[in-house]
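The values are calculated or read from the model by the stated rules, or taken from the named source; none is laboratory data. Since we're looking at a predicted model, the values are computed, not measured. Here the Cβ positions follow ideal geometry from the backbone for every residue, glycine too, while neighbour counts run over all protein chains shown. Note: accessible area is taken over every heavy atom of the protein model, side chains too, but ligands, DNA and RNA are not part of it. Shrake-Rupley method; radii C 1.70, N 1.55, O 1.52, S 1.80 Å.
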Amino acid sequence: MDLTKELKEVLYGQGAALVGIADMSQVQDCDFQTGAAVAVPLPENIIVDLQKAPTKEYYDLYYSLNGKLNEIVMAGEEFLRDRGFEAYAQTTDRVKVDQDNVSKLPHKTVALKAGLGWIGKNCLLVTPEYGPAVRISSLLTDAPLICDEPVTHSRCKSCSLCVEKCPAQALKGTLWEAGMPREKLVDVEKCYKKQEEIMYQATGIKTDLCGKCFAVCTYTQRYLRQSEDNLE
């Protein structure tokens, strides 16, 4: 069995729903040649509730999924290190963000290079399978892995549901292309300020979580319908 297949099996075995391998050799500020991106979807009932308002259940799930993702990428790091390669899992305790809430190497960058999806008009990773209703993480390595095809263009086309439903009216309706700065897509300050406001109103918790822009996405809605069909 080849190394790439083995690594993917480890990550899926730990609970990843999506796994992709990224060529990181041309990415600025990255010291590794390859990376692995992983994603886990949010449960359907949480997404349905978020179409109305953020919830305490979403708040709790947000942090529990971060913990699950940490376990997944750490398992990948251990697997690669045991085989003599350098590896670095980008866990929540290792990733540092600046005053603009941006990390040195965002998980989204790895996910795009790994072909998991594209950046939507909501400035989130949109996957074909689950829409943007996912939490993601990443793992960097010098292992010679077989890379997946990167995504470089948006598939949102003329859809602007997330833009229309954004409580902050912070989304600009721009179609993403690779290398585009997030300021072209979203007014970050307006977004964070409104998230804190509506989260506190709905739950009494002071934090910047909302979720409406990914809950209403047409790709997310397709995921919900497919889940309902599978139950019938």
**Q.** Checklist (1) open to solvent by 40 Å² or more (accessible area, probe 1.4 Å); (2) in contact with a Gly (Cβ under 7 Å, 6 or more places away or on another chain); (3) assigned to a loop (DSSP other than H, G, I, E, B); (4) among the charged types (D, E, K, R) applied to D29, failing item
**A.** (2)
Q.
Any residue in segment 1-29 that is under 14 Å from L112 (Cβ atoms) sitting within a Cβ distance under 7 Å of a residue that is at pLDDT below 95 and open to solvent by 80 Å² or more (accessible area, probe 1.4 Å)? List the pairs, counting only those 6 or more apart or interchain.
A. none
Q | Filtered residues of segment 33-45 (kept if in contact (Cβ under 8 Å) with a residue 60 or more places away in the chain and either more than 25 Å from L224 (Cα to Cα) or surrounded by fewer than 23 Cβ atoms within 10 Å (Cβ to Cβ) (or both)) | A | Q33, T34, G35, A36, V40, P41, E44
Q: Please verify whether segment 37-52 includes one or more residues that are assigned to a loop (DSSP other than H, G, I, E, B), out of contact with any strand residue (DSSP E or B) (no Cβ under 7 Å at 6 or more places or on another chain) and of a type in the set (D, E).
A: no
Q: Tell me, please, whether a residue that is assigned to a helix (DSSP H, G or I), touching a residue at least 40 places away in the same chain (Cβ under 8 Å) and buried (at least 17 other Cβ atoms within 10 Å of the Cβ) can be found in segment 82-99.
A: no
Q: Considering (1) at pLDDT 95 or above; (2) touching a strand residue (DSSP E or B) at 6+ places or on another chain (Cβ under 7 Å), say which one G131 fails and leave the rest.
A: (2)
Q | Every residue from segment 103-130 that is open to solvent by 50 Å² or more (accessible area, probe 1.4 Å) and under 17 Å from M180 (Cα atoms) | A | K104, K108, K113, L124
Q. Any chance segment 82-89 includes a residue that's modelled with pLDDT of 95 or more, of a type in the set (S, T, Y) and closer than 18 Å to C210 by Cα?
A. no
Q | Contacts under 6 angstrom Cβ, first residue in segment 191-219 being over 18 Å from L171 (Cα atoms) and without any contact (Cβ under 8 Å) to a residue 40 or more places away in the chain, partner surrounded by fewer than 17 Cβ atoms within 10 Å (Cβ to Cβ) and of a type in the set (K, R), 6 or more apart | A | Y200/K206
Q: Determine if segment 137-157 includes at least one residue that is open to solvent by 50 Å² or more (accessible area, probe 1.4 Å), aliphatic (A, V, I, L, M) and either under 20 Å from the mean Cα position of the chain (by Cα) or farther than 24 Å from A17 by Cα (or both).
A: no
